[in-house]
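Visitor: Please see the structure below; I have some questions.
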Amino acid sequence: MLEDNKWLQLGTFLKNRLKKPFKHPEFVLYFVIIIVGFGAIGIYSAIFSKNLPANRNDFVIANIASYFLAVIATGSVELIFLQKSNIKRAIFLLSIGAISLNTLLFFLSTQLTSFFTASIGLFIALTVWWIANAENTNIIEPTFNAEIRQEANEKHGKDW
């Protein structure tokens with residue numbers, strides 16, 4: 001039944017990729033320190049700088065919007081190149097939809113000077129990046145799952 005329902009497959013894929021990284025401190029630390037910390041340096045400088053244009057909100061919102069466009073682009077490209085055969089097209093279309101929505105949110109954020117739309121765009125971008133990199137072996141130690149499988153085989157595999 002699950003093989004036939006691509007909606008369920010897509011939902012399972014997204015749920016697993018949202019939850020799995022929390023088991024890996026190296027992934028969470030990479031996300032917090034590199035992606036949110038260093039990646040958003042332009043936002044922090046806009047918030048804490050004393051020498052800003054007349055309207056500080058415009059400057060901060062523009063930095064948030066440009067940051068979330070960069071994050072959504074990298075996350076979406078990562079998703080597009082995934083090799084999940086059953087739901088590859090759904091993931092591709094989801095990625096294109098996320099980029100399109102965030103592009104719209106970029107223009108709305110900057111034209112309306114809206115922290116609300118900028119925050120939505122930022123949340124979507126960081127969520128897409130998280131899902132896209134949930135199994136990235138450059139971030140997550142690849143031997144972690146192998147060690148758990150090996151231990152399970154040694155303890156339980158012989159008696160089953």
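Visitor: Which one is farthest from Pro142 (Cα to Cα) among residues in the range 6-24 that are touching a helix residue (DSSP H, G or I) at 6+ places or on another chain (Cβ under 9 Å) and exposed (fewer than 12 other Cβ atoms within 10 Å of the Cβ)?
Guide: Trp7
Visitor: Of all residues in the range 9-42 being β-branched (Val, Ile, Thr) and in contact (Cβ under 8 Å) with a residue 40 or more places away in the chain, which is farthest from Val71 (Cα to Cα)? Write out each step before concluding.
Guide: Initially, the range 9-42 is screened for residues β-branched (Val, Ile, Thr), giving 12, 28, 32-36, 41.
Okay, now just the ones that are also in contact (Cβ under 8 Å) with a residue 40 or more places away in the chain, so 35-36.
Details: Ile35: 8, Val36: 10 Å.
My answer is Val36.
Visitor: For Phe48, are the conditions met, namely being more than 14 Å from the chain's Cα centre (by Cα) and not charged (D, E, K, R)?
Guide: For Phe48, the condition - more than 14 Å from the chain's Cα centre (by Cα) and not charged (D, E, K, R) - is met.
Visitor: Among residues belonging to the range 2-22 that are among the charged types (D, E, K, R) and part of a loop (DSSP other than H, G, I, E, B), point out the one that is modelled with the highest pLDDT. Quick ask: steps written out before the conclusion?
Guide: In the first step, residues of the range 2-22 are kept if they are among the charged types (D, E, K, R); the result is 3-4, 6, 15, 17, 19-20.
Still in the running and part of a loop (DSSP other than H, G, I, E, B): 3-4.
Numbers: Glu3: 65, Asp4: 76.
Residue satisfying both the conditions and the ranking: Asp4.
Visitor: Would you point out the residue of the range 48-94, among those that are modelled with pLDDT under 75 and aliphatic (A, V, I, L, M), that is surrounded by the most Cβ atoms within 10 Å (Cβ to Cβ)?
Guide: Narrowing the range 48-94 to residues modelled with pLDDT under 75: 48-54, 83-85.
Narrowing the set further to residues that are aliphatic (A, V, I, L, M) leaves 52, 54.
Working: Leu52: 15, Ala54: 6.
Among those that are modelled with pLDDT under 75 and aliphatic (A, V, I, L, M), it is Leu52.
Visitor: Looking only at the range 58-110, which residues are of a type in the set (Asp, Glu) and in contact with a Leu (Cβ under 7 Å, 6 or more places away or on another chain)? Working first, answer last.
Guide: Pass one, the range 58-110, residues of a type in the set (Asp, Glu): 58, 78.
Residues satisfying the conditions do not exist here.
The values are calculated or read from the model by the stated rules, or taken from the named source; none is laboratory data. In this text the structure is predicted, and so the values were computed from the model without any measurement. Positions of Cβ are generated from backbone atoms using ideal geometry, with glycine treated the same way; all protein chains shown enter the neighbour counts.
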